[in-house]
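Data block below; observations after.
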């Protein structure tokens, strides 16, 4: 039985429901990551005994599922996308923005399918953009391909943000600190392609890099959709 199949217990003296529990869990995760979330800590945030929560949630994994579904509401398009490309591009950018607001989401992306009501609504809106254009297997592969790209890109960006906070060094500070070592290594002549990238490459901000990579993946999907069946 999924957490969404379980009925909520009757109201007790201290008002409690899944909505309040999930809101408290999301707040804890936003403050300290998933490590800051436990049924005991959520109960303390709500000023109730931990056993009260077991009437609503049986495991921490259930709680994570509910938290992900809560954030999935932020991924729903405000209006029906014009086509499949707009649908997937919008989903990618909204997921990135949500993960930057809730960094813990990056740790849960790409795991089990999101089966909550909001997750199902996101999947429905995304797949519906392929109606009449491709068979369902092709549509699923297209969505999976783009999802694999933005999941990896988001995790990488969040990992860098965490590294900056852990070390106190921004990306530019880290590059300056590593500069002397890199200069010595590149001077050996063993890494000509890397040397060209370091000396001639253009630094771009994460959002620009994300959008460029996404466009390349979407172009590849478009080419696959246009190709005649094998």
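The values are calculated or read from the model by the stated rules, or taken from the named source; none is laboratory data. Because the structure is predicted, anything quoted here is derived from the model rather than measured. All Cβ positions, glycine included, derive from the backbone under ideal geometry; neighbour counts span all protein chains shown.
Things worth noting here:
- Yes/no for residue 24 being modelled with pLDDT under 95, assigned to a helix (DSSP H, G or I), buried (at least 18 other Cβ atoms within 10 Å of the Cβ) and not assigned by TED's automatic domain parsing to the domain that holds residue 105: no
- Selection count where residues are outside any helix (DSSP H, G or I) and either buried (at least 20 other Cβ atoms within 10 Å of the Cβ) or within 9 Å of the chain's Cα centre (by Cα) (or both), scope segment 90-115: 6
- Checking segment 166-187 against the condition returns no match, with no residue being surrounded by 12 or more Cβ atoms within 10 Å (Cβ to Cβ) and closer than 30 Å to residue 227 by Cα.
- Pairs with Cβ under 6 Å, 6+ apart, first in segment 167-194 and on the phi < 0 side of the Ramachandran plot, second assigned to a helix (DSSP H, G or I) and modelled with pLDDT of 85 or more: 170/164; 186/195
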